[in-house]
Amino acid sequence: MTEPDVLAAFEGPAPQADLLTRNEASVYLAELGIRLKPASLARMWSTGSGGPPCRHIRSKPFYPRDLLRDWAQRQITAVRTGAPAAAQARRRG
């Protein structure tokens, strides 16, 4: 990769200031109504269990703020008055 290519990788819609550490991502998610500890974010990443997307710089994860917000919005459901039909079917066996 040439030097201009490397510099271009840092340009674009997500400036570096919008990359959050796991601790910062945990605080930001709490502001959006989703309480997840940094350790939970780490476990979600390591198990591949549908956690928020992140980028790695060397071995350190960083969460782009806009992708974190989008992920959080997809996690919150509409108001419900009971369990979804699929969950009810699992209980009946």
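Filter the range 48-74 down to the residues that are farther than 14 Å from Asp18 by Cβ and open to solvent by 90 Å² or more (accessible area, probe 1.4 Å) and list them by number.
Those that are farther than 14 Å from Asp18 by Cβ and open to solvent by 90 Å² or more (accessible area, probe 1.4 Å): Arg58, Ser59, Lys60, Gln73, Arg74.
If you check Pro84, Pro64, Pro15, which single one turns out to be out of contact with any Gly (no Cβ under 6 Å at 6 or more places or on another chain) and modelled with pLDDT of 95 or more?
Pro64
Limited to the range 43-60, what total is found for residues that are in contact with a Ser or Thr (Cβ under 8 Å, 6 or more places away or on another chain) and of a type in the set (Val, Ile, Thr)?
0
Against the conditions (1) without any contact (Cβ under 8 Å) to a residue 40 or more places away in the chain; (2) on the phi < 0 side of the Ramachandran plot; (3) of a type outside the set (D, E, K, R); (4) out of contact with any Ser or Thr (no Cβ under 9 Å at 6 or more places or on another chain), where does Pro64 fall short? Just the number, please.
Answer for Pro64: the failing condition is (1).
The values are calculated or read from the model by the stated rules, or taken from the named source; none is laboratory data. Owing to the predicted nature of the structure, the values given are computational and were not obtained by experimental measurement. Cβ coordinates were reconstructed from backbone atoms using ideal geometry, including for glycine residues, and neighbour counts include every protein chain displayed. With ligands, DNA and RNA removed, areas are computed over all heavy atoms of the protein, side chains included. Shrake-Rupley method; radii C 1.70, N 1.55, O 1.52, S 1.80 Å.
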